[in-house]
Amino acid sequence: MSRKSRALPPSPFRRFSSSPEVIRLVVMMYVRFPLSLRNVEDLLFQRGIDICHETVRMWWNRFGPMFAGDVRRQRVNRMRGFRHWGWHLDEMYVKLNGEVVYLWRAVDHEGEVLESYVTRTRDKKAALTFMNKALKRHGSPAAITTDGLRSYGAAMNELSCRDRQEVGRWANSRVENSHLPFRRRERAMLRFRQMKTLQKFASVHANIHNHFSLERHLIDRQTYRERRPAALAEWQLLES
């Protein structure tokens, strides 16, 4: 008696007339680079692809989280068994219609963003929720570097990991520098208007930026030329 083959899941691109390659290109251009919706539309038109800027918006909203989830899962699977790494935690303010909210971010010792979480407050409860989310997904690091915000200490006391906290004036420069790509993207989008949109875009941007962050300032040109097409090839295989 022959074993029945398992049915493959339906393609997420099946109801779209555009090819998956075009959709991946559009999402990568809009999320990775500081371009507006109309900038992407114009650049694609020069390549013979005629789509509306609202199509760009719809595609990143629909496919961006899906692509980012694939990238995140691959990295988590590779790094979960690695324990000798350090985290850097920091929060940055973002304005939503004149109201200040806080984007909490965890960055590893290589500068790649692990977790992004948006809250309206900057207290112990927000820090605890953020850290619980990061620890559950990525495991426990050997050291956690923070600034002097007391909410981190209170949250770490609750999680019984205060002995791993490191606080220093210049010790958190790595996470401070990691804010810059997001700030450039924020300006290109003329800021955000809803917390839901900010949370979605921050998570998508972090994972796609990680995928194409090849540490070009730390490697020679030949190594960079080998890594760049490899990253693009992996991107083309997402959800294929």
Filter result (at negative phi, charged (D, E, K, R) and surrounded by 11 or more Cβ atoms within 10 Å (Cβ to Cβ)) within region 213-224: R216
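Each row is one residue, and each column tells you yes or no for (1) closer than 15 Å to V204 by Cβ; (2) among the charged types (D, E, K, R); (3) surrounded by 17 or more Cβ atoms within 10 Å (Cβ to Cβ).
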residue: R15; (1), (2), (3): no, yes, no
residue: L25; (1), (2), (3): no, no, yes
residue: S36; (1), (2), (3): no, no, no
residue: L43; (1), (2), (3): no, no, no
residue: G48; (1), (2), (3): no, no, no
Test result for V167, closer than 29 Å to L37 by Cα and among the hydrophobic types (A, V, I, L, M, F, W, C): no
Residue satisfying all of: in region 119-137; in a loop (DSSP other than H, G, I, E, B) and in contact with a strand residue (DSSP E or B) (Cβ under 6 Å, 6 or more places away or on another chain); surrounded by the most Cβ atoms within 10 Å (Cβ to Cβ) among these: R122
Single unsatisfied condition, Y152 versus (1) surrounded by fewer than 17 Cβ atoms within 10 Å (Cβ to Cβ); (2) in contact (Cβ under 8 Å) with a residue 60 or more places away in the chain: (1)
Subset tally (residues that are under 22 Å from L180 (Cβ atoms) and of a type outside the set (K, R)) for region 104-143: 17
Hey, E99 touching a residue at least 60 places away in the same chain (Cβ under 8 Å) and out of contact with any strand residue (DSSP E or B) (no Cβ under 7 Å at 6 or more places or on another chain) or not: no
Region 182-194 - residue that is in contact with a Ser or Thr (Cβ under 9 Å, 6 or more places away or on another chain) and open to solvent by 10 Å² or more (accessible area, probe 1.4 Å) and, of those, nearest to F33 (Cα to Cα): A188
Count of residues meeting criterion [assigned to a loop (DSSP other than H, G, I, E, B) and over 25 Å from the mean Cα position of the chain (by Cα)] in region 9-54: 13
Selection status of S140, part of a strand (DSSP E or B) and under 27 Å from V167 (Cα atoms): no
Residue match in region 153-169 (condition: at pLDDT 90 or above, assigned to a helix (DSSP H, G or I) and touching a Ser or Thr at 6+ places or on another chain (Cβ under 6 Å)): no
Qualifying residue in region 163-180 (condition: open to solvent by 70 Å² or more (accessible area, probe 1.4 Å), touching a Phe, Trp or Tyr at 6+ places or on another chain (Cβ under 8 Å) and over 30 Å from L96 (Cβ atoms)): no
Per-region count, region 194-222, residues in a loop (DSSP other than H, G, I, E, B) and closer than 19 Å to R75 by Cβ: 6
Hits in region 75-118 - residues which are more than 17 Å from the chain's Cα centre (by Cα) and open to solvent by less than 30 Å² (accessible area, probe 1.4 Å): W85, G86, L96, V101
Hey, R184 of a type in the set (D, E, K, R) and in a helix (DSSP H, G or I) or not: yes
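The values are calculated or read from the model by the stated rules, or taken from the named source; none is laboratory data. What you see is a predicted model; the values in this text were computed from it and never measured. Virtual Cβ from ideal backbone geometry, glycine too; neighbours counted across all protein chains shown. These area figures cover heavy atoms from the full protein model, side chains too; ligands, DNA and RNA do not enter into them. Shrake-Rupley method; radii C 1.70, N 1.55, O 1.52, S 1.80 Å.
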